[in-house]
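For reference, the structure discussed in these notes is given below.
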């Protein structure tokens, strides 16, 4: 496909959308679907069909609007640009919403031949028109939950139909790819990523441009690009959302990475528990291939690239890059010693770039807006934005994208609207089972790679679980240690045996069998596991225990005999 045809597809879709007086967006991301958004979407469609006003209003399936705790979510956008958000939209409210925003055509000759279900729906719409319950479901766009966000990765999520290539093109999709392959050399793309300061959003925070440069300089006739979608942290769903709600954006970032390093084939590695993400990534690949955006002579250039999907079996350890490589190769998903690193010896021994979903999804915006634009967001060492799955004991929970360096206080008390009920904020756990707990005394901590590490935690992939004063920290640590025991691949003794010993000591304490010296033994075993395990799972597994011992030691001490 040429640039001209790409622009024509985008222009046609924009013109089609501009014909409508208003567009009604319904979130069909997993969080809202679990709250009944599938039924809400169908009610909106049925109501529009019964109104016979489909030429004036369009109902659009779209992605996450952020405030997942209030789903199903619906946004009504006028052709003037004015928007109204609605929360907790049941099927009954969906009919009332259609009745408010969609003109119901007057009965005319031939209406008696309409299908009985349409006649019945029209009758319900007439009744819904007389109700006045929608107003209390309106979400103010002035809520800190929305106003404090800075959207780069999620800029189009909630507006784009994830199953429609034309919609992504209408929002500027694949323009960054075209710019890369027609206006920039691979070296310039790598340099742009380096200057932007983008670091891997999977948790390690390794500079993306540096990783790409290593692979670009590696001498090999075959190279690979892998998008790591094996998101397994409890409470985390950032990558799932991106793959479900804007799959073409992730695919575009992957293709830019491939051009930059000289790869001609790539793989999406997605955990099997994400069936919707798997389906939409596959749809995006097929659509891009049909349009000539993927395959040979991409966008009229001499760049060739193809992508496939590989499905993980649910092993948390396969988020570690060497275990992920083994899994794609058809081997048991277990890590290996490094070096060699995947940048020099990855898939089938060839140089391989592995970045997580959020990292790849950040690339198109950086290339279009420039490295300097991105580098101005965030802090000196942690540039850009970070997407968090804000979960736990908060009034507002959901998906947020915030600038690096925002304080934990702003996230908890303003965006999250504090802990509900009579309880108080106690701690925030970042980094999932590999992370640690940050207590109330450090609530003003800037959220970035360096400060979290100083407190014994990590950024991780973006899970952010808020804990209130009713939670026992030893029990909380026990939950995550149980997870690590189950997910250990068993290859190395420190992780296989050490995590079991840590859990046994926690059980001993929690069951009232604690003895003097148990806390010291617990710390000693944690340090051994942390310093001698083979991969990141074992090395970080003790973090929840060590951080709660550091900040909440009195809760452990009361479990010992007096």
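Suppose we filter the stretch 280-336 for residues that are within 17 Å of residue 350 (Cα to Cα) and free of Cβ contacts under 8 Å to residues at least 12 places away in the same chain; how many remain?
Final tally of qualifying residues: 3.
Which of the residues belonging to the stretch 201-226 are crowded, with 17+ Cβ neighbours inside 10 Å, at pLDDT 95 or above and under 26 Å from the mean Cα position of the chain (by Cα)?
Within the stretch 201-226, 208, 209, 211, 212, 213, 215, 224, 225, 226 meet the criteria.
Select from the stretch 354-375 the residues that are touching a strand residue (DSSP E or B) at 6+ places or on another chain (Cβ under 7 Å), closer than 14 Å to residue 153 by Cα and either without any contact (Cβ under 8 Å) to a residue 40 or more places away in the chain or assigned to a helix (DSSP H, G or I) (or both) and list them in ascending order. Steps first, answer last, please.
First, pick out the residues of the stretch 354-375 that are touching a strand residue (DSSP E or B) at 6+ places or on another chain (Cβ under 7 Å): 354-358, 360, 374-375.
Still in the running and closer than 14 Å to residue 153 by Cα: 356-358, 360, 374.
Scanning the stretch 354-375 gives 357, 358, 360, 374.
Before we move on, is residue 512 touching a residue at least 12 places away in the same chain (Cβ under 8 Å) and on the phi > 0 side of the Ramachandran plot?
yes
Only one of 157, 152 is modelled with pLDDT of 95 or more, more than 23 Å from residue 72 (Cβ to Cβ) and not assigned by TED's automatic domain parsing to the domain that holds residue 287; which? Spell out how you get there, then give the answer.
Values: 157 fails: more than 23 Å from residue 72 (Cβ to Cβ).
Going through 157, 152 in turn, just one is modelled with pLDDT of 95 or more, more than 23 Å from residue 72 (Cβ to Cβ) and not assigned by TED's automatic domain parsing to the domain that holds residue 287: 152.
Taking the criterion of being on the phi < 0 side of the Ramachandran plot, buried (at least 18 other Cβ atoms within 10 Å of the Cβ) and either modelled with pLDDT under 90 or out of contact with any strand residue (DSSP E or B) (no Cβ under 8 Å at 6 or more places or on another chain) (or both), would at least one residue in the stretch 104-118 satisfy it? Steps first, please.
Residues of the stretch 104-118 that are on the phi < 0 side of the Ramachandran plot, as a first pass: 104-109, 111-118.
Checking the rest, the ones that are also buried (at least 18 other Cβ atoms within 10 Å of the Cβ) come to none.
Checked the stretch 104-118: no residue is on the phi < 0 side of the Ramachandran plot, buried (at least 18 other Cβ atoms within 10 Å of the Cβ) and either modelled with pLDDT under 90 or out of contact with any strand residue (DSSP E or B) (no Cβ under 8 Å at 6 or more places or on another chain) (or both).
When you scan the stretch 260-278, how many residues do you find that are more than 20 Å from residue 240 (Cα to Cα) and surrounded by fewer than 24 Cβ atoms within 10 Å (Cβ to Cβ)?
First, the residues of the stretch 260-278 that are more than 20 Å from residue 240 (Cα to Cα): 260-265.
Filter again for surrounded by fewer than 24 Cβ atoms within 10 Å (Cβ to Cβ), leaving 262, 264-265.
Count: 3.
Would you pick out the residues in the stretch 447-458 that are under 16 Å from residue 387 (Cα atoms) and out of contact with any helix residue (DSSP H, G or I) (no Cβ under 8 Å at 6 or more places or on another chain)? Write out each step before concluding.
Taking the stretch 447-458 as the starting set, the residues that turn out to be under 16 Å from residue 387 (Cα atoms) are 447-449, 452, 458.
If the condition is that a residue be under 16 Å from residue 387 (Cα atoms) and out of contact with any helix residue (DSSP H, G or I) (no Cβ under 8 Å at 6 or more places or on another chain), then 448, 449, 452 are the ones that fit.
Which of the residues that make up the stretch 527-559 are surrounded by 14 or more Cβ atoms within 10 Å (Cβ to Cβ) and outside any helix (DSSP H, G or I)?
533, 534, 535, 541, 542, 552, 559
Select, from 62, 80, the only residue that is buried (at least 18 other Cβ atoms within 10 Å of the Cβ), out of contact with any helix residue (DSSP H, G or I) (no Cβ under 6 Å at 6 or more places or on another chain) and more than 20 Å from residue 136 (Cβ to Cβ). Talk me through it step by step, then tell me what you get.
Details: 80 fails: buried (at least 18 other Cβ atoms within 10 Å of the Cβ).
Testing whether each residue is buried (at least 18 other Cβ atoms within 10 Å of the Cβ), out of contact with any helix residue (DSSP H, G or I) (no Cβ under 6 Å at 6 or more places or on another chain) and more than 20 Å from residue 136 (Cβ to Cβ) leaves just 62.
Scan 281, 325 and give me the residue that is crowded, with 16+ Cβ neighbours inside 10 Å and within 28 Å of residue 163 (Cβ to Cβ).
Numbers: 325 fails: within 28 Å of residue 163 (Cβ to Cβ).
Of the residues listed, the single one that is crowded, with 16+ Cβ neighbours inside 10 Å and within 28 Å of residue 163 (Cβ to Cβ) is 281.
Given the structure, is residue 494 crowded, with 18+ Cβ neighbours inside 10 Å, outside the structural domain of residue 200 (by TED's automatic domain parsing) and over 30 Å from residue 359 (Cα atoms)? Break it down into steps so the answer makes sense when it comes.
Working: crowded, with 18+ Cβ neighbours inside 10 Å: yes; outside the structural domain of residue 200 (by TED's automatic domain parsing): yes; over 30 Å from residue 359 (Cα atoms): yes.
Here the answer is yes, as residue 494 does meet what is asked.
Does the stretch 231-254 include one or more residues that are within 25 Å of residue 175 (Cβ to Cβ), under 23 Å from the mean Cα position of the chain (by Cα) and either without any contact (Cβ under 8 Å) to a residue 60 or more places away in the chain or not assigned by TED's automatic domain parsing to the domain that holds residue 283 (or both)?
If we filter the stretch 231-254 for residues that are within 25 Å of residue 175 (Cβ to Cβ), which is where we start, we get 238-239, 241-254.
With the extra rule that they be under 23 Å from the mean Cα position of the chain (by Cα), the set shrinks to 238-239, 241-254.
Remaining after also requiring either without any contact (Cβ under 8 Å) to a residue 60 or more places away in the chain or not assigned by TED's automatic domain parsing to the domain that holds residue 283 (or both): 251.
Yes: the stretch 231-254 contains one or more residues that are within 25 Å of residue 175 (Cβ to Cβ), under 23 Å from the mean Cα position of the chain (by Cα) and either without any contact (Cβ under 8 Å) to a residue 60 or more places away in the chain or not assigned by TED's automatic domain parsing to the domain that holds residue 283 (or both).
In contact (Cβ under 8 Å) with a residue 12 or more places away in the chain and more than 22 Å from the chain's Cα centre (by Cα), is that true of residue 435?
Here the answer is no, as residue 435 does not meet what is asked.
Starting from the stretch 376-394, take each residue that is without any contact (Cβ under 8 Å) to a residue 40 or more places away in the chain and list its partners that are buried (at least 21 other Cβ atoms within 10 Å of the Cβ) and part of a loop (DSSP other than H, G, I, E, B), counting only C-beta distances under 8 angstrom and pairs at least six apart or across chains.
Correct list of pairs: empty, since none qualify.
Show me the strands (runs of 3 or more DSSP E) found entirely inside the stretch 3-106 where at least 2 residues are over 23 Å from residue 118 (Cα atoms).
Values: elements: 22-27, 57-62, 74-78, 83-86.
Those strands (runs of 3 or more DSSP E) span 74-78, 83-86.
Can you tell me which of 412, 363 is outside the structural domain of residue 202 (by TED's automatic domain parsing) and under 30 Å from residue 31 (Cβ atoms)?
Values: 363 fails: outside the structural domain of residue 202 (by TED's automatic domain parsing).
Just one listed residue meets the conditions, 412.
The values are calculated or read from the model by the stated rules, or taken from the named source; none is laboratory data. No experiment lies behind these values; they were computed from the predicted model shown. Please note: Cβ atoms are built from the backbone with ideal geometry, for glycine as well, and neighbour counts cover all protein chains shown.
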